[in-house]
Amino acid sequence: MSDPAPSRDGAMTLRFDGRVAIVTGAGTGIGRIYALQLAERGAKVVVNDLGGSVAGQGRSRQAADAVVDEIRAAGGEAVASHDSVATPEGAGRIVATAVEHFGRLDVLVNNAGNLKMAKLGEAPVGDVDAQVGVHLMGTLYCCRAALPEMQRHGYGRIVLTSSGSGLVGFAGQAAYGAAKTGMVGLMNCISREYGEQGIFINTIVPTATTRMSQGLLWPQMEKFLRPELVAPAVLFLASERCTSNSGMFAVAGGHVAKLEVHKAPGVQFDPTKPVTPEMVAARFDTVCDMAGAAEFRGTQAAMEKMLTQMGVM
Ligand code: NAD
């Protein structure tokens, strides 16, 4: 496939010639920019969008069709998909569109999203289901449909779209935030299942001024948070040059930074003797002390070191 070509400043230009990409929710907002930029750099793009409102109501073919027209007018290759990501059948048809039109699938950018603000106790069940259905199940269904196709030729790049609202919390976004953080677990497991087959999956935590974020961002920040400033990190993660697998990255306003789960050194009680709630209470300050915290790589790995140090293993 495409080798990076040297650009005038000596850096390698990332190209997607010969690659086929799906961008879900690409009719507007950040996804539209991904689709335009991937096509500009040589990718054949499936522009998927249901064409509804921010809350996910209604449907229109116009959103995806307009982006396809824009790509073609600029000399690129694209095809529209109007299916919903939120059903296994819809996700299957989105992947089939890539294969039927362009013969393969290399890149999947899971970007489609909806949002309906409400405190959880007041949120209609239908709205809760719709948000979990698009963000978590839609991402899962699209990955599930795409992975065998990528596995067929031993290459793939998948980018998921999480949110700070799940990682740190945001009032009014319980269902949305839960679904957005659920997909981090999805990524971690897929990375272990398919990484050795050349399929790498990463997640971004973006912030950008779009119709979805209207009224939620600090007004003085809005002009710095252009979707165009999120796209470069996503294009890198979608490229051959990216060897990161299972990474999570905060991306906003030209800032790109890795995010990790860290574990405090904590307290190791002797596991061969009884441990009481009172013992935990007495040492809770130490349990919570993050000085010396390190990346969490699983309970067994963390315990092995401590138990060896204690001489009980
Ligand atoms: P947006 O509303 O402009 O774009 C979302 C797109 O997804 C829309 O075009 C919509 O029609 C499409 N969509 C919704 N449901 C769909 C479905 N079932 N199938 C296919 N397409 C569907 O919003 P945006 O800000 O560009 O959001 C893009 C992604 O980034 C979303 O996943 C969102 O949750 C996430 N995100 C955005 C921000 C932000 O600051 N804008 C912050 C965190 C996460």
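Taken together, the values in this text are just the output of simple stated rules run on the coordinates, not laboratory data. Model, not experiment: these values are computed from the prediction.
Just want to confirm a number: the relative contact order over the range 1-117, from Cα pairs under 8 angstrom separated by 6+ residues, in percent.
On the way: 243 pairs, mean separation 33.5, N = 117.
Answer for the range 1-117 is 29 percent.
Against the main long axis of the alpha-carbon atoms of the chain, helix 174-194 sits at an angle near 90°. Relative intensity of the range 82-181 on a log10 scale, I(q)/I(0) at q = 0.20 Å⁻¹, equals -0.92, per a Debye sum over C-alpha point scatterers of equal strength in the absence of solvent. Each 10 Å bin, from zero up to the one with the longest distance, holds this percent of the alpha carbon pairs of the range 172-313: 10, 26, 28, 23, 12, 3. Translational diffusion coefficient of the range 30-115 (Stokes-Einstein, Kirkwood radius from Cα pairs, 25 °C, 0.890 mPa s): 189 µm²/s. Taken as Cα centroids, the range 275-313 and the range 94-131 sit 39 Å apart, rounded to the nearest whole angstrom. Compute the helix-to-body angle for 299-310: its Cα long axis versus the longest principal axis of the chain, expressed 0 to 90° and rounded to tens. Between helix and principal axis, roughly 30 degrees.
Close amide-amide hydrogen proximity is noted between L259 and M248, F249, A250, each under 5 Å apart and 5 or more residues distant or on a separate chain (H modeled in the peptide plane; Pro and chain starts excluded).
Hey, which of these cross-link pairs are over 30 Å Cα-Cα: K44/K180; K180/K273; K258/K305? Please list the in-between numbers first.
Working: K44/K180 28 Å; K180/K273 40 Å; K258/K305 26 Å.
The pairs that break the limit, which is 30 Å between Cα atoms, are K180/K273.
Based on alpha-carbon atoms, the Kirkwood radius and the radius of gyration of the range 5-259 give Rg/Rh equal to 0.94. GNM remark for the chain: springs join alpha carbons under 10 Å apart, and the peak mean-square fluctuation among T161, T207, T299 falls on T299.
Roughly how tilted is helix 88-102, in degrees to the nearest 10 and between 0 and 90, from the longest Cα axis of the chain? Helix 88-102 and the main axis of the chain meet at about 50 degrees.
Using Stokes-Einstein with the Kirkwood hydrodynamic radius over Cα pairs, what translational diffusion coefficient do you get for the range 262-310 at 37 °C and a viscosity of 0.692 mPa s, in µm²/s rounded to a whole number?
281 µm²/s
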